[in-house]
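Colleague: Handing you this structure, nothing more for now.
Read the figures in this text as sums done on the coordinates, not as results from a lab. Please read all numbers here as calculations on a predicted model, not as lab measurements. We place every Cβ from the backbone using ideal geometry, glycine too, and count neighbours over all the protein chains shown.
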Amino acid sequence: MVGNILYLLSMMVPKSKKIWVFGAWGGNQYADNPKYLFEYVNEFHPEINAIWLTRQKEIEKKIESKGYKAFQTNSIKGIWYSCRAKVGAMSHGMIDLNRFACARMEIVQMWHGIPIKPILLSDPKKSSIAKRKLLTKLSFFFPFLKKELRFNENLIICSSSKHVSKILKKAFGSNSPIRITGFPRLDGFFRTEEENPLKKKIRDLQRENVRVGIYMPTWRQKGEFNIIKYLTENLQDIDKFLKGNKLSLFLRIHPFDQHELPKEFNFDCIHLITNEMIEGDIYSVLGAFDFLVSDYSSVIFDYLIKESPIYLMVPDRKDYIESNGKFVYDYKNIELPVEQSWGKLLPRLNEDNYQSQETITKLSSKYHKYKDGNSSKRLFDQIIKRA
């Protein structure tokens, strides 16, 4: 009932094209596409009153320390600016912002990666279909839920190429307003002026002629294949191989899984990336690595923009499909070689002809129309044009 009252109030409050609200990951992170657009707007368009909404006091303080505006999502100011904002930018859903104070707000959906796993309208699981049907029924009594369902009414849904747009239409619907602007978070690949201790460590290794890679496995649900346990069981062998071949590997493990790692993490050539090192934003350093090791994480699409080697290691394809359903876009279609174990993958890291540069460059252009670090600018221009 309170939600409906607030929703009706936000419908009556006059909107301002000069007020935009931003949020990401349920209001619990300052990261991803919304972060990069938010910082771009603050730096180049002070005429826009850009507000970051968060559910974490620490994030609010951190953003304020940068000289930007941030408020708690459900605070008086957070609610007020949500009611007044003409534009709302997010990475997941209305939970990133304030779904009760969003009436007549124009939604910019940047999502958080090109989908491989079945999501939203592309998710065929009975439980997912039942949930969508239930939300549709409930939206009659709780109108604020409509923005969770009607993707065709969004202002913009970001894409990076025609090919990617076809994939996104499976998730958001054929009539969704997809625009090829590039993803703002990939602007981080082109920022050379930013330095931090982690990036410096990577550069120091590279100056010693060490090839430096990053391992980023996708998150598995509880009860699925334990990819982190599989990693820890092989850490000694991985470290030994890396040391003997002038290689170094950094691990970016999902925060939900980091407790699976050894408490004492002491290896010569394997390094752990914590949230604190990157302030929750891997894209600030991702472009510094020489190669990527992953599986069916959407980061493989992102990393293609760099046109550097990508190695896929997938030990649990059959189990993963049984648990999650068929891929909305099968990673095998990416035309990159796939190995099934660390033992088979490691020797590939030193094979010059394992994947051709021509193939990587061709794939990069297939998934990224633009490779210039100006995605935030293009998206901003589209918002101004359409809002």
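Colleague: Which entries of K18/K62; K131/K377; K62/K133; K246/K377; K199/K243 have Cα-Cα distances beyond 31 Å here? Walk me through the numbers before you get to the answer.
Modeller: Details: K18/K62 23 Å; K131/K377 36 Å; K62/K133 39 Å; K246/K377 39 Å; K199/K243 20 Å.
Long pairs (Cα-Cα over 31 Å): K131/K377; K62/K133; K246/K377.
Colleague: On a 0 to 90 degree scale, rounded to 10, what angle separates helix 2-12 from the longest Cα axis of the chain?
Modeller: Helix 2-12 sits roughly 70 degrees off the main axis of the chain.
Colleague: Next up: Of S356, S298, S365, which has the largest mean-square fluctuation in a 10 Å C-alpha GNM of the chain?
Modeller: Among S356, S298, S365, the largest mean-square fluctuation in the Gaussian network model of the chain belongs to S356.
Colleague: Moving to a separate point now. Could you give the length gained on full extension between E47 and K61, defined as 0.36 nm per residue of separation minus the Cα-Cα distance, in nm?
Modeller: Details: separation 14, 0.36 × 14 = 5.04 nm, distance 2.28 nm.
In short, 2.8 nm is gained.
Colleague: Given springs between every Cα pair under 10 Å in a Gaussian network model of the chain, which of N374, N33, N226 has the largest fluctuation?
Modeller: N226
Colleague: While we're on this one: Cα to Cα, under 15 Å, and not fewer than 8 places away if on the same chain: which aspartates and glutamates meet these conditions relative to K35?
Modeller: E43, E60, E64, D96, D187, E279, D281
Colleague: Quick one: grab the alpha carbon gyration tensor of the stretch 184-225, order the square roots of its eigenvalues as a ≥ b ≥ c, and give me rounded if a/c is under 1.5, else prolate or oblate depending on whether a/b is larger than b/c. List each step's numbers first, then the result.
Modeller: Values: a/c = 3.18, a/b = 1.62, b/c = 1.97.
Judged from the Cα gyration tensor, the stretch 184-225 comes out oblate (a/c at least 1.5, b/c at or above a/b).
Colleague: While we're looking at this one, here's another question. Straight-line reach from K385: which aspartates and glutamates fall under 14 Å, measuring Cα to Cα and dropping same-chain residues less than 8 apart?
Modeller: In chain and number order, the partners are E106.
Colleague: On a 29 Å Cα-Cα criterion, which of the cross-link pairs K200/K366; K77/K201; K170/K371; K15/K147; K166/K229 come out too long?
Modeller: Working: K200/K366 32 Å; K77/K201 41 Å; K170/K371 25 Å; K15/K147 17 Å; K166/K229 35 Å.
Checking Cα-Cα distances, K200/K366; K77/K201; K166/K229 exceed 29 Å.
Colleague: At what distance in angstrom do the alpha carbon centres of the stretch 165-216 and the stretch 217-285 lie from each other?
Modeller: Here the answer is 19 Å between Cα centres.
Colleague: Cα convex hull of the stretch 1-86: mean projected area in nm², to one decimal?
Modeller: Details: hull surface 22.3 nm².
If I average the Cα hull's projected area over directions, I get 5.6 nm².
Colleague: Right, here's the next one. With the chain treated as a Gaussian network of Cα nodes joined by springs under 10 Å, which of S139, S127, S364 yields the largest mean-square fluctuation?
Modeller: Its mean-square fluctuation being the largest, the pick is S127.
Colleague: Follow-up question, since we're still on this one. From the square roots a ≥ b ≥ c of the eigenvalues of the alpha-carbon gyration tensor of the stretch 196-296, which class results: rounded (a/c under 1.5), prolate (a/b over b/c), or oblate? Provide the component values of the computation, followed by the final result.
Modeller: Numbers: a/c = 1.81, a/b = 1.29, b/c = 1.40.
Taking the square roots of the gyration eigenvalues as a ≥ b ≥ c, the stretch 196-296 is oblate.
Colleague: Relative to the present Cα-Cα distance, how much length would full extension add between L149 and K344 at 0.36 nm per residue of separation?
Modeller: Values: separation 195, 0.36 × 195 = 70.20 nm, distance 4.35 nm.
Roughly 65.8 nm would be gained on extension.
Colleague: Same structure again: For the modelled label position 7 Å from the Cα of N245 along Cα-to-Cβ, which residues of the stretch 344-379 have backbone nitrogen atoms closer than 14 Å?
Modeller: 344-355
Colleague: Please give the calculated 222 nm ellipticity per residue for the chain, where each DSSP H segment of at least 4 residues contributes -39500 (n - 2.57) and the sum is spread over every residue; nearest 500 deg cm²/dmol? Each step should come with its number before you reach the end.
Modeller: Details: 15 runs with 137 residues, N = 387.
After summing the helix terms and dividing by the residues of the chain, the value is -10000 deg cm²/dmol.
Colleague: Report the label-to-label distance for S139 and Q258 in nanometres (one decimal), using points 7 Å from each Cα along the Cα→Cβ vector.
Modeller: Each label point lies 7 Å from its Cα, and together they span 3.7 nm.
Colleague: Let's test the formula: R0 of 41 Å, r as the Cβ-Cβ distance of T359 and K229. What FRET efficiency results, to the nearest 0.05?
Modeller: On the way: r = 33 Å, r/R0 = 0.79.
Calculated transfer efficiency: 0.80.
Colleague: Using the Kirkwood radius over C-alpha pairs as Rh, can you work out the diffusion coefficient of the stretch 191-367 via Stokes-Einstein at 37 °C, viscosity 0.692 mPa s, in µm² per second?
Modeller: Numbers: Rh = 17.0 Å.
For the chosen part, D equals 194 µm²/s.
Colleague: For the stretch 75-99 and the stretch 309-364, what is the separation of their Cα centres, given in Å?
Modeller: Going from one Cα centre to the other spans 38 Å.
Colleague: Turning to a different aspect of this structure: What's the local net charge at K229, with K and R +1, D and E -1, over the other residues with C-beta under 10 Å away? Walk me through the numbers before you get to the answer.
Modeller: Numbers: positive: none; negative: E233, D257, E260.
Summing Lys/Arg as +1 and Asp/Glu as -1 gives -3.
Colleague: What's the local net charge at K169, with K and R +1, D and E -1, over the other residues with C-beta under 13 Å away? Walk me through the intermediate numbers first.
Modeller: Numbers: positive: K162, K166, K170, R179; negative: none.
Net local charge, K169 excluded: +4.
Colleague: Computed FRET efficiency, Cβ-Cβ of K126 and K200, R0 56 Å: what is it to the nearest 0.05?
Modeller: Numbers: r = 50 Å, r/R0 = 0.89.
Once rounded, the FRET efficiency stands at 0.65.
Colleague: Using the alpha carbons of the chain, what is the convex hull volume per residue in cubic angstrom, as a whole number? Display every interim value, and only then the final one.
Modeller: Working: hull volume 55.6 nm³, N = 387.
Spelled out: Cα convex hull of the chain, divided by residues, is 144 Å³.
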